[in-house]
Amino acid sequence: MENILKKEEIVKLAKNLKKQNKKIVFTNGCFDILHVGHVEYLKKSACFGDVLIVGLNSDSSVKKLKGENRPINSENDRAAVLAELKSVDYVCIFNEDTPEKLIDEIKPDIYTKGADYTLETLKEKDVILKNGIRVEFIEFVKGKSTTNTIKAIKK
């Protein structure tokens with residue numbers, strides 16, 4: 001898929017977009033079993049700028065964050081599904097536990113995160129402040145989560 005890019009490609013693209021005065025929005029996550037909460041979150045994220053780039057946790061980083069039984073879907077499958085969403089312009093898989101390096105290189109104008117975070121609780125806080133990135137916190141769709149979906153399947 002042409003909108004799933006490697007780190008070097010997304011960094012180069014971001015530089016070109018900035019030269020065109022495009023406002024770049026960046027968000028990240030595991031997006032393991034896509035549900036309406038994810039779709040709404042990404043749609044709202046896209047509204048803050050011209051281009052939405054999604055940093056996708058690799059399989060190894062999802063395992064570290066969520067446990068041995070995750071992810072349910074592979075990074076390539078998750079990337080392909082995200083890349084087909086209308087609100088998502090580009091997807092980039094990253095291996096680290098946090099997207100700090102990717103954020104530092106892309107230097108988006110806006111970073112979106114779920115409203116369960118605050119600036120103080122973001123591990124990316126230092127790189128966000130260093131680069132003068134605006135942060136927008138987005139409310140979740142009540143009751144919708146991958147964990148809830150997995151629980152429902154197990155029942």
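The values are calculated or read from the model by the stated rules, or taken from the named source; none is laboratory data. The structure displayed is predicted, hence computed values, not measured ones. Quick reminder, even Gly has a Cβ in these numbers, built from the backbone with ideal geometry, and neighbours come from all protein chains shown.
Every condition in (1) of a type in the set (Lys, Arg); (2) surrounded by fewer than 17 Cβ atoms within 10 Å (Cβ to Cβ); (3) in contact with an Asp or Glu (Cβ under 7 Å, 6 or more places away or on another chain) holds for Arg78 except the one numbered (2). A single entry from Glu100, Glu84 fulfils the requirement of being farther than 25 Å from Asn131 by Cβ, modelled with pLDDT of 95 or more, within 15 Å of the chain's Cα centre (by Cα) and acidic (Asp, Glu): Glu84. In the range 50-62, the residues that are among the polar types (S, T, N, Q) form Cβ pairs under 9 Å with partners that are assigned to a helix (DSSP H, G or I) and buried (at least 24 other Cβ atoms within 10 Å of the Cβ), at six or more places apart or across chains, as follows: Asn57/Arg78.
Listed by first and then second residue, the pairs linking a residue in the range 63-86 that is closer than 17 Å to Leu42 by Cβ and in contact (Cβ under 8 Å) with a residue 40 or more places away in the chain to a residue that is among the hydroxyl-bearing types (Ser, Thr, Tyr) and not in a helix (DSSP H, G or I), with Cβ atoms under 6 Å apart and 6 or more places separating them unless they lie on different chains, form an empty list. Identify, from the list Lys15, Lys22, the residue that is assigned to a loop (DSSP other than H, G, I, E, B), more than 13 Å from the chain's Cα centre (by Cα), charged (D, E, K, R) and modelled with pLDDT of 95 or more. Testing whether each residue is assigned to a loop (DSSP other than H, G, I, E, B), more than 13 Å from the chain's Cα centre (by Cα), charged (D, E, K, R) and modelled with pLDDT of 95 or more leaves just Lys22.
I'd like to know if the range 94-112 contains one or more residues that are surrounded by 14 or more Cβ atoms within 10 Å (Cβ to Cβ), among the acidic types (Asp, Glu), within 14 Å of Val54 (Cα to Cα) and without any contact (Cβ under 8 Å) to a residue 24 or more places away in the chain. Looking for residues that are surrounded by 14 or more Cβ atoms within 10 Å (Cβ to Cβ), among the acidic types (Asp, Glu), within 14 Å of Val54 (Cα to Cα) and without any contact (Cβ under 8 Å) to a residue 24 or more places away in the chain, one finds none in the range 94-112, hence no.
For the range 42-58, does any single residue satisfy the condition of being assigned to a helix (DSSP H, G or I) and aliphatic (A, V, I, L, M)?
First pass over the range 42-58, keeping only residues assigned to a helix (DSSP H, G or I): 42-46.
Pick out the ones that are also aliphatic (A, V, I, L, M) and you get 42, 46.
Checking the range 42-58: at least one residue is assigned to a helix (DSSP H, G or I) and aliphatic (A, V, I, L, M).
May I ask you to list the residues in the range 61-91 that are in contact with a Gly (Cβ under 9 Å, 6 or more places away or on another chain) and part of a loop (DSSP other than H, G, I, E, B)? It would help to see each step written out before you state the result.
Step one: of the range 61-91, the residues in contact with a Gly (Cβ under 9 Å, 6 or more places away or on another chain) are 91.
If the condition is that a residue be in contact with a Gly (Cβ under 9 Å, 6 or more places away or on another chain) and part of a loop (DSSP other than H, G, I, E, B), then no residue fits.
Listed by first and then second residue, the pairs with beta-carbon distance under 8 Å, at least 6 apart or on different chains, first residue in the range 1-28 and surrounded by 16 or more Cβ atoms within 10 Å (Cβ to Cβ), second aromatic (Phe, Trp, Tyr) and outside any strand (DSSP E or B), are Val25/Phe48; Thr27/Tyr41. Of Glu8, Glu2, Glu105, all but one fail to be in contact with a helix residue (DSSP H, G or I) (Cβ under 8 Å, 6 or more places away or on another chain) and either more than 19 Å from Phe140 (Cβ to Cβ) or part of a helix (DSSP H, G or I) (or both); the exception is Glu105.
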